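This report refers to the structure that appears directly beneath it.
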Amino acid sequence: MNIDKKLRLGILGSGKGSNMVAIAEAIANGSVPAEIALVLSDVADAGILDRARGFNLPARFIAPGKFRTKLDEEAEAAYIAALREAGVELVVLAGFMRILKGEFLRAFPQRVVNIHPSLLPAFTGLEAWKQALDYGVKFTGCTVHFVDQGVDTGPIIAQQTVPVLSRDDEQTLHARIQIAERQLYPLAISALARGLVRVEGRKTVTVSQQ
Ligand code: GAR
């Protein structure tokens, strides 16, 4: 493998963009052999777009269409076309709050990853930190995984634990999980960019560097 080759990332987000910033910073300091080719959002005024432009990255809003929790057919085609045009090799979901299925996953087979704010398979779906707090677990965390046809069910690439403290509320726990996310996501993307992650059935294995 050519070690000078940089994996081209397309980052999709709907929110503040703190994970995108962590990835951009890790690339800038040389620890992730990748480049961000495009940042896309389904929210016109999302912080992630402003923050991407602050790094001089191409950043675009693409309207999601008529549905609330997924992209409609036209929007899905527009996302796929924009990512292909930008030569994206790995799609990185960073707080993208819509489910991607079917056509999109077929366009990027085993090339879509997500970060989820819990230790999967616990607490899939929305507000996973609130679910953890309500359930009363003593540890939660975050998970980087490949995206498959289910919701938060794809092969797990990496996980990091975070303690739940008695005094936690939703905000403090989510903030602690997000600190872990900003460490874990760049590490996982670095391993992917170096070709060190192999999928075996529903598991991934990390192969050692030659
Ligand atoms: C992150 O905490 C991420 O885990 C969560 O959205 C937040 C985005 O923050 N994603 C999900 O809940 C996906 N189910 P950011 O915009 O600051 O990176």
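Tabulated data for the structure shown
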| quantity | calculated |
| --- | --- |
| Environment charge at Thr161 (Cβ cut-off 11 Å; Lys +1, Arg +1, Asp -1, Glu -1) | +2 |
| Entries of Lys130/Lys203; Lys5/Lys203; Lys5/Lys66; Lys6/Lys138; Lys5/Lys138; Lys16/Lys66 with Cα pairs more than 32 Å apart | Lys5/Lys66; Lys6/Lys138; Lys5/Lys138 |
| Dimensions (Å) - the chain, Cα atoms, principal axes, largest first | 48, 48, 36 |
| Residue-count net charge about Ala24 - beta-carbon cut-off 15 Å; Lys, Arg +1, Asp, Glu -1 | +2 |
| With at most 13 other Cβ atoms within 10 Å, longest stretch of the chain clear of loop trypsin sites (Lys or Arg not before Pro) (DSSP) | 69-137 |
| Residues whose placed amide H lies under 5 Å from that of Ala158, excluding near-sequence neighbours | Val144 |
| Ranked Thr206, Thr143, Thr124, criterion: other C-beta atoms within 10 Å, fewest first | Thr206, Thr124, Thr143 |
| Mean residue ellipticity (222 nm) of the chain, computed from DSSP H runs ≥ 4 via -39,500 (n - 2.57), nearest 500 | -10500 deg cm²/dmol |
| Kyte-Doolittle at least 0.0, axis length at least 30 Å by Cα - qualifying DSSP helices, the chain | 170-193 |
| Order of Phe108, Phe139, Phe123 - criterion: other Cβ atoms within 10 Å of each residue's Cβ, fewest first | Phe139, Phe108, Phe123 |
| Rough spin-label spacing in nm, given labels placed 7 Å along Cα→Cβ, for Glu85 and Val43 | 2.4 nm |
| For Val164, distant residues with modelled amide H under 5 Å away | Phe139, Thr140 |
| Net lengthening on full extension, Asp169/Thr206 (0.36 nm per residue, minus Cα-Cα) | 9.8 nm |
| Fewest-first sequence of Ile157, Ile189 by Cβ atoms within 10 Å of each Cβ | Ile157, Ile189 |
| 12 Å beta-carbon shell around Arg176, net charge (K/R +1, D/E -1) | -2 |
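We did not get these values from a lab; they are worked out from the coordinates using the rules stated. Just so it is clear, the model here is predicted, and its values are computed rather than measured. FYI the Cβ positions are ideal-geometry reconstructions off the backbone, even for glycines, and counts take in every protein chain you see.
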